[in-house]
Amino acid sequence: MVIVSNSARFSRQRHTTTSLHLMILLVSSSLCLLVILWMYVAAASSGWLGSSDGEAKASNEKVLSKDESQKLVYPLNLDVQYSSNDKNPVSRQFEGALEEDCPIVSISHQLSPSELHPIKGSRHMVTPPDGGPLTLVCCNTTKGSLSLLLHKRWAPIGVDRFLDMVRSQYFSSKAPLFRCTDACQFGLAGDPSLTKQYDTHLQDDVMWLPPGPDHRYNTQGVRRYPAGMLTFAGSGPHSRSNQFVLTLMPNQFMGGGSPWEVPLGELVGESSFVTMSKFYTGYGNHGPSQGLLRREGNSERVQTQWPHLDYITSCSIVDEN
């Protein structure tokens, strides 16, 4: 009886031990599977796993569009031909502009004849002065990018001032777009000390648009300033300094076509007009005053009191000819 009882007890103990081992093995296997699954999910979400070229490109573009602080250099367009008069074509084409932000980077290859040589028609009430140096500037804003084609022959003194401000990185101080109604005013720097550097007045350029109230629009109904026209903001003869106006829609009232509001250039490229259409105009003339912006720039008070205000965050030269 004793022997039989010990054998039965041993058998039961061995069975219990085997069951315990099996349970431990099952639990261990389950944990391993969970760890492997977690690693797989983590790898997929982190981009460790391989993807097709299209998926990789889409993922990269998504990251770049969200990370506005990431700066890339647009690769040199080897197809662009430079004349012997170009002193430094590489630096001219790459003064900080991004391909993603500025889709137009070549004057000769990407602009249409009507953009290069505008004439009287449905957009312009008269044919602007033709010829002379052209400069393509890209301005990044809080709503996207603007491609501006400056015509030096339109306003040589004014164009030189604007380009001096661009080269000095003036607009990287985050210049507010204010008084946005049928046009936006800008040019007061985010840093008030920069505003003072370009506060000297310029001589007026020759106005080539017909002046006066009788020429606010022509017989075809074309208004004096089309949408996307860049001019100075002034208050009288020889008052131009560091403030500009960008027309958001065809405008007939711009100072009566005064000499201090002679156009410098205009927007080019469909994407520029899409960006411009997104500027916030809800504040109108009730946004921050010139005096406040001149004193404080884009101060915390300005950003808090007018949270929807748009800004120019940088401007750079991308091409010249």
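The values are calculated or read from the model by the stated rules, or taken from the named source; none is laboratory data. Bear in mind that the values here come from a model prediction, so they are computed numbers and not experimental data. As a convention, Cβ positions derive from the backbone with ideal geometry for all residues, glycine included, and neighbour counts pool all protein chains shown. With ligands, DNA and RNA removed, areas are computed over all heavy atoms of the protein, side chains included. Shrake-Rupley method; radii C 1.70, N 1.55, O 1.52, S 1.80 Å.
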- For the stretch 210-296, treating each Cα as an identical point scatterer without solvent, what Debye log10 I(q)/I(0) comes out at q = 0.17, 0.19 1/Å? -0.85, -1.03
- Message: Which entries of LYS120/LYS152; LYS196/LYS278; LYS152/LYS196; LYS174/LYS196 have Cα-Cα distances beyond 27 Å here?
- Response: LYS196/LYS278
- For TRP208, what accessible area in Å² do you get when you roll a 1.4 Å probe over the heavy atoms of the protein chains, rounding to the nearest 10? 50 Å²
- Task: Apply the Kirkwood formula to the stretch 245-321: the hydrodynamic radius equals the inverse of the mean of 1/r over all pairs of different alpha-carbon atoms; give it in Å with one decimal.
- Result: 15.3 Å
- Order by accessible surface, 1.4 Å probe, largest leading, for residues THR219, THR281, THR135 comes to THR219, THR281, THR135
- Debye log10 I(q)/I(0) at q = 0.13, 0.15, 0.16 Å⁻¹ for the stretch 124-227, Cα point scatterers: -0.62, -0.82, -0.92
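Let me check I've understood the local charge: for GLY132, count other residues with C-beta under 9 angstrom from its C-beta, Lys and Arg +1, Asp and Glu -1. What total comes out? Provide the component values of the computation, followed by the final result.
Numbers: positive: LYS152, ARG153; negative: ASP130.
Here the count lands on +1.
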